[in-house]
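See below for the structure under consideration.
The values are calculated or read from the model by the stated rules, or taken from the named source; none is laboratory data. Nothing here was measured: the structure is a model prediction, and the numbers come from that model. Cβ placement follows ideal geometry from the backbone for every residue including glycine, while neighbour counts extend to all protein chains displayed.
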Amino acid sequence: MLALQRATHATLQILTAELVDLDLTASEINAMAILADGHGRTISELGTAAGSRPTTLTSVLDRLERRGHITRGTRPGDRRVVVIGLTSSGRLAADTIRRTLIEVEARALGGLPAEAIADFHTVLRALAEVSS
């Protein structure tokens, strides 16, 4: 677990450095990467995907909204549900983040056999399920 924590911190440092021009925190990068698929999400859904509590996301989303990267809208048929979506500037930033994530993953895992990578993903899913 300690090795995973070190790898997580190292990965966040790499991403923050490579995405420095976007001027986003690691939490903001994470939220934008999740939203990069273009599907709006409720705060609860985004929190689950990010592995954090929805209340923790509030300040992250406030900052992203102030910078014009996200919108908060309502779900058709239920105006009580807040849905987070990307603006056009948010889509550009999210696309940059996705490309960078793919490049970093390719550099880190490119020399490993496919079976090792599949096993690695199995371990990550198991760890994520424990926290649910």
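Scanning region 1-31 for residues that are under 20 Å from Val60 (Cβ atoms) and small (Gly, Ala, Ser) turns up Ala17, Ala26, Ser27, Ala31.
Do you know which of the residues in region 75-115 that are among the charged types (D, E, K, R) and surrounded by 11 or more Cβ atoms within 10 Å (Cβ to Cβ) is farthest from Thr25 (Cα to Cα)?
The extreme case among them is Arg75.
Inspect all residues belonging to region 65-76 and state whether any of them is modelled with pLDDT under 95, over 15 Å from the mean Cα position of the chain (by Cα), β-branched (Val, Ile, Thr) and over 28 Å from Met1 (Cα atoms). Yes: one or more hits. Among the numbered conditions (1) β-branched (Val, Ile, Thr); (2) under 20 Å from His9 (Cα atoms); (3) without any contact (Cβ under 8 Å) to a residue 40 or more places away in the chain, the only one that Ile97 does not meet is (3).
Taking the criterion of being in contact with a Gly (Cβ under 9 Å, 6 or more places away or on another chain) and within 17 Å of Ile97 (Cα to Cα), the residues of region 41-79 that qualify are Leu64, Arg67, Gly68, His69, Ile70.
For first residues located in region 117-131 and among the aliphatic types (A, V, I, L, M), partners that are assigned to a helix (DSSP H, G or I) and exposed (fewer than 10 other Cβ atoms within 10 Å of the Cβ) and lie 6+ apart or on another chain with Cβ distances below 6 Å do not occur. Going through (1) touching a helix residue (DSSP H, G or I) at 6+ places or on another chain (Cβ under 6 Å); (2) at pLDDT below 90; (3) not basic (Lys, Arg) one by one, Gly47 falls short only on (2). I want to confirm something. Restricting to region 11-38 and keeping residues that are among the charged types (D, E, K, R) and touching a residue at least 24 places away in the same chain (Cβ under 8 Å), which single residue is surrounded by the most Cβ atoms within 10 Å (Cβ to Cβ)? Once the filter is applied, the top-ranked residue is Glu28.
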